[in-house]
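Notes follow once the structure below has been shown.
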Amino acid sequence: MNKQTLLYRKRFIPNETILLKDDKILEITEDFVMTKWNCLKPRLDISYGYSAYFLKEGFKLSKVFDHEDNLVYWYCDIITSEYDASANALIVTDLLIDILVYANDSLRILDLNELADCLEQHSIDIRLACLSLRQANHLLSLLDQKTFSTYQHRLDSYITT
């Protein structure tokens, strides 16, 4: 993998795979990707951010900013990924569960209902659903043990002021 690697986001809801053509890859290795991005669609609440994909850990950590460069929150997507060497493409699959971390360290867990819906509709298999739950549990453990800051610091090291 290199900075010319194509980066795709695959989602279950809606069922889509999108080339993240406007994301700027700052670093990419077999177990880590760092990007800078602007919102795909204009939004009033957020403008841009940085994302660190911890591929072996199974989550993407994004630091999200508003239009005035203020931190809105840290957004954690539970993910899995696969690399297609023939296409030099990394496909990152969003496994539905998201965890928001606010500046005051409060948390919000999102989209458990979407995971349940996908299971009922058989659009996600049991293996991926279990992986999502286990990786979310691991991330919550990192937050509980106060070791999450290690990941935040790694992402912050790429932000230039």
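Bear in mind that the values in this text are calculations on the coordinates, not laboratory data. Not measured: the values here are computed from a predicted model.
Counting only aspartates and glutamates at least 8 places from residue 3 when in the same chain, those with an alpha carbon closer than 15 Å to its own are 22, 23, 27, 30, 31, 84. Each Cα pair under 8 Å and six or more residues apart adds its separation to the average, and for the range 34-161 the resulting relative contact order is 17 percent.
Max-minus-min Cα coordinates of the range 6-156 on each principal axis give 41, 36, 30 Å, with the largest extent listed first. Here the Karplus curve 6.51 cos²θ - 1.76 cosθ + 1.60, taken at θ = phi - 60°, turns the phi angles of the range 143-156 into couplings of 5, 5, 7, 6, 9, 4, 4, 4, 6, 4, 5, 4, 5, 4 Hz, with x standing for Gly and Pro. Pairs spanning more than 18 Å between alpha-carbon atoms, out of 21/41; 36/60; 36/63; 56/146; 10/60; 24/56: 56/146; 24/56. Each stretch of four or more DSSP H residues adds -39500 (n - 2.57); spread over every residue of the chain, this sum gives -7000 deg cm²/dmol at 222 nm.
Coupling constants for the range 58-74 follow from the phi torsions by the Karplus curve (6.51 cos²θ - 1.76 cosθ + 1.60, θ = phi - 60°), and in residue order they are x, 8, 10, 9, 10, 9, 10, 10, 8, 6, 10, 6, 8, 5, 8, 5, 9 Hz; glycine and proline get x. When only alpha carbons are used to place a centre, the range 1-72 and the range 99-161 end up 15 Å from one another. Build a GNM of the chain with springs between Cα atoms under 10 Å apart, and of 18, 78, 97 the one that fluctuates most is 18. Between the amide H of residue 97 and those of 78, distances stay under 5 Å, these residues lying 5 or more places away or on another chain, with hydrogens modeled in the peptide plane.
3J(HN,Hα) along the range 116-133: 4, 4, 5, 5, 4, 8, 6, 8, 10, 8, 4, 4, 5, 5, 5, 4, 4, 5 Hz, from the Karplus curve 6.51 cos²θ - 1.76 cosθ + 1.60 with θ = phi - 60°, whole Hz, x for Gly and Pro. GNM on the chain, alpha-carbon springs under 10 angstrom: the most fluctuating residue among 55, 96, 20 is 20.
Amide H to amide H distances under 5 Å link residue 6 with 89, 90, where only residues 5 or more positions off or on other chains count and H is placed in the peptide plane. GNM on the chain, alpha-carbon springs under 10 angstrom: the most fluctuating residue among 131, 44, 71 is 44.
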